[in-house]
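The values are calculated or read from the model by the stated rules, or taken from the named source; none is laboratory data. Because the structure is a prediction, the values reported are computed rather than measured. FYI the Cβ positions are ideal-geometry reconstructions off the backbone, even for glycines, and counts take in every protein chain you see.
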Amino acid sequence: MEGEDSGEIMDQEVFEAVSVGKIIENYPEDEPYPSCLIYGRTTKNRPLHTVCAYSEDEKLSIVITVYQPNPERWIDFSRRKK
């Protein structure tokens, strides 16, 4: 997976960030499943944003995209700057 000018993002990094991450935005109207934006850090302290879709009925989670957030666009990587 590729980030914005931040180099390759490895599967293990995604797992680490999502495992300790928190949901910072919800998108309940997304189709075919609702989704959310998760902010977490890897064991090497790399900040990552992961957009995941989920179906509670099917016990299914899908990683849609992963990127390293631009600090110029985020406050503490968890709130969008206006």
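Values as computed for the structure displayed
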| quantity | calculated |
| --- | --- |
| Filtered residue count, the range 28-60, keeping only those that are surrounded by 11 or more Cβ atoms within 10 Å (Cβ to Cβ) and either in contact with a Phe, Trp or Tyr (Cβ under 9 Å, 6 or more places away or on another chain) or in contact (Cβ under 8 Å) with a residue 24 or more places away in the chain (or both) | 20 |
| Which listed residue, of VAL20, VAL66, is in contact (Cβ under 8 Å) with a residue 60 or more places away in the chain, in contact with a strand residue (DSSP E or B) (Cβ under 9 Å, 6 or more places away or on another chain) and of a type in the set (A, V, I, L, M, F, W, C) | VAL66 |
| Residue within the range 44-53 that is touching a His at 6+ places or on another chain (Cβ under 9 Å) and either aliphatic (A, V, I, L, M) or modelled with pLDDT of 95 or more (or both) present | no |
| Counted residues, the range 61-82 - those being more than 12 Å from the chain's Cα centre (by Cα), more than 15 Å from ILE24 (Cα to Cα) and surrounded by 11 or more Cβ atoms within 10 Å (Cβ to Cβ) | 3 |
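Conditions (1) of a type in the set (D, E, K, R); (2) assigned to a strand (DSSP E or B), marked per residue:
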| residue | (1), (2) |
| --- | --- |
| SER6 | no, no |
| GLU25 | yes, yes |
| TYR33 | no, no |
| LEU37 | no, yes |
| GLY40 | no, yes |
| LEU48 | no, yes |
| VAL51 | no, yes |
| PRO69 | no, no |
| PHE77 | no, no |
